[in-house]
1. Consider the stretch 103-127. How many of its residues are of a type outside the set (Ser, Thr, Tyr) and part of a strand (DSSP E or B)?
2. Hey, among Ser82, Ser5, which residue is surrounded by fewer than 21 Cβ atoms within 10 Å (Cβ to Cβ), over 17 Å from the mean Cα position of the chain (by Cα) and without any contact (Cβ under 8 Å) to a residue 60 or more places away in the chain?
3. Would you point out which residue out of His172, His142 is touching a Phe, Trp or Tyr at 6+ places or on another chain (Cβ under 8 Å) and either farther than 30 Å from Val9 by Cβ or among the β-branched types (Val, Ile, Thr) (or both)?
4. Which of the strands (runs of 3 or more DSSP E) contained wholly in the stretch 33-87 include at least 3 residues that are modelled with pLDDT under 90?
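The values are calculated or read from the model by the stated rules, or taken from the named source; none is laboratory data. Just so you know, these numbers come straight off a predicted model, no measurement behind them. Virtual Cβ from ideal backbone geometry, glycine too; neighbours counted across all protein chains shown.
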Amino acid sequence: MNIPSLKDVVSADEWQTRIDLAACYRLVAMYGWSDLVFTHISARVPGPEHHFLINPYGLMFDEITASSLVKVDQQCNKVIDSPFPVNPAGFVIHSAVHQARADAQCVIHTHTRAGVAVSAQKCGVLPISQQSTFVLASLAYHGYEGVAFRDDEKPRLQADLGQATFMVLRNHGLLVASRSIPDAFLSMYTFEAACQIQLAAQAGGELIEVDPRIVLGVGEAMRVQTGGMGGAFAWPALMRKLDKLDPGYAA
């Protein structure tokens with residue numbers, strides 16, 4: 001694909017956001033969390049206009065570049081012309097979160113087998129691993145209402161999410177809402193790991209649950225673990241990994 005570069009068309013801040021978001025798409029593909037072309041990651045564009053970036057619908061995640069990302073407003077109107085469409089269902093979910101949460105710069109939604117499997121379990125996320133304790137410290141649930149293309153679902157999704165970082169979309173998948181793209185990626189990495197571990201543990205013997213008092217202190221534990229940097233602590237290493245494999249995401 002020959003997609004013209006937008007580097008000299010957009011602001012420096014937007015271009016950096018585009019690079020980071022394209023990198024996030026490539027990482028999601030690399031870790032096997034994509035569902036062909038059917039899930040989404042969005043990022044708020046810096047500035048007062050309330051625009052955000054989302055994937056060009058129809059491209060595989062390992063094809064996405066900084067310049068191919070589509071910039072839309074809250075009504076799903078393209079702000080910069082693009083030959084690619086935007087998925088209405090993806091727009092409903094992501095615009096709902098961005099509309100309600102000014103703090104959420106990045107929203108990741110996945111349909112992984114482990115995530116959907118746990119979303120279908122009545123028990124939800126169980127406190128049986130270190131990873132799960134980070135999730136349970138800020139976890140919400142939203143009931144399944146069918147493919148999310150109706151605007152009338154937005155208020156219910158927003159109310160269920162509240163100020164949580166992690167959300168289980170029942171019978172559907174996982175969602176994270178974070179203050180930065182690196183934070184969102186690390187949150188989803190932890191969320192996905194918690195679900196995979198839960199399914200593996202359930203295939204074995206009796207489970208040992210973590211003391212609820214430990215869950216209350218995990219926020220401080222995460223700050224210590226990352227030196228107070230959150231996802232930014234691991235992001236440079238992830239970028240080095242991507243650059244070795246294919247630096248084309250930054251085009």
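1. Of all residues in the stretch 103-127, those of a type outside the set (Ser, Thr, Tyr) come to 103-109, 111, 113-118, 120-127.
From the residues that got through so far, the ones that are part of a strand (DSSP E or B) too are 106-109.
Counting residues in the stretch 103-127 that are of a type outside the set (Ser, Thr, Tyr) and part of a strand (DSSP E or B) gives 4.
2. Answer to the check: Ser82.
3. None of the other options fit; the residue is His172.
4. It comes to none.
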